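Engineer: Input: one structure, supplied below.
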Amino acid sequence: MILTDKRILEEINNGNIVIEPFDPKCLGTNSYDVHLGKHLATYKDEVLDAKKHNEIEHFEIGEEGFVLQPGTLYLGVTEEYTETHSTVPFLEGKSSIGRLGIDIHATAGKGDVGFCNTWTLEISCVHPVRVYGGMPVGQLIYFMVEGDIENYYNKKQNAKYNTRTTKPVESMMWKNKF
């Protein structure tokens with residue numbers, strides 16, 4: 001079951017959902033709009049290795065915006081810090097972003113109950129497009145869960161993305177044992 005606008009507000013008032021900063025104008029019928037933060041990053045190496053720590057270079061989007069180029073993976077970040085303590089958040093790109101040929105996530109659209117952080121975006125595009133910090137980029141949709149939860153994300157010892165950040169975070173796949 002997807003939460004409605006009224007239910008999202010109830011969950012915010014109960015402390016089960018946290019959105020900082022929160023703007024009531026960003027609340028849709030059954031979602032909340034999030035915005036592109038001012039920081040982007042790209043990987044330093046052309047070839048990435050899943051077993052190694054692939055380093056990234058951060059940079060800021062200026063007032064004039066930044067032109068995304070096809071064939072490059074950009075890591076972005078939401079302006080909004082979020083917490084979800086009893087629902088599963090899903091991040092989807094806004095249709096207006098999709099119509100510009102921008103994907104905001106390759107595979108990681110689902111959060112976990114207990115996720116407390118900004119969202120790192122895996123941004124790609126099909127043709128050059130200028131983006132701006134603060135522009136609407138996605139929407140969070142909240143799903144109810146059924147049953148008791150044993151492993152909240154923010155309490156897992158092996159959770160790789162628990163450190164609060166305002167910048168995009170690179171893949172931590174290298175921390176897995178395989």
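Engineer: Restricting attention to the stretch 63-80, which residues are crowded, with 20+ Cβ neighbours inside 10 Å and of a type in the set (A, V, I, L, M)?
Structural biologist: If the condition is that a residue be crowded, with 20+ Cβ neighbours inside 10 Å and of a type in the set (A, V, I, L, M), then L68, L75, V77 are the ones that fit.
Engineer: Mind listing whichever residues of the stretch 131-161 are part of a loop (DSSP other than H, G, I, E, B), free of Cβ contacts under 8 Å to residues at least 60 places away in the same chain and surrounded by 16 or more Cβ atoms within 10 Å (Cβ to Cβ)?
Structural biologist: Correct list: A159, Y161.
Engineer: Among (1) surrounded by fewer than 16 Cβ atoms within 10 Å (Cβ to Cβ); (2) of a type in the set (A, V, I, L, M); (3) in contact with a Phe, Trp or Tyr (Cβ under 6 Å, 6 or more places away or on another chain), which single condition is A106 missing?
Structural biologist: Evaluating A106 over (1) surrounded by fewer than 16 Cβ atoms within 10 Å (Cβ to Cβ); (2) of a type in the set (A, V, I, L, M); (3) in contact with a Phe, Trp or Tyr (Cβ under 6 Å, 6 or more places away or on another chain) leaves (3) as the failure.
Engineer: Being touching a residue at least 12 places away in the same chain (Cβ under 8 Å) and over 24 Å from K44 (Cα atoms) narrows it down to one of F115, F66, so name that one.
Structural biologist: Answer to the selection: F115.
Engineer: Within the stretch 23-32, can you find the residues that are surrounded by fewer than 10 Cβ atoms within 10 Å (Cβ to Cβ) and either in a strand (DSSP E or B) or polar (S, T, N, Q) (or both)?
Structural biologist: The one that is surrounded by fewer than 10 Cβ atoms within 10 Å (Cβ to Cβ) and either in a strand (DSSP E or B) or polar (S, T, N, Q) (or both): T29.
Engineer: Being more than 19 Å from the chain's Cα centre (by Cα), surrounded by 10 or more Cβ atoms within 10 Å (Cβ to Cβ) and touching a residue at least 40 places away in the same chain (Cβ under 8 Å) narrows it down to one residue among H39, H53, H35; which is it?
Structural biologist: H53
Engineer: Among what's in the stretch 81-95 and is crowded, with 19+ Cβ neighbours inside 10 Å and touching a Leu at 6+ places or on another chain (Cβ under 8 Å), pick the residue that is nearest to R164 (Cα to Cα).
Structural biologist: T82
Quick note: the coordinates plus some simple rules give every number you see, no bench work behind them. Keep in mind that this is a model prediction, so the values were computed, not measured. We place every Cβ from the backbone using ideal geometry, glycine too, and count neighbours over all the protein chains shown.
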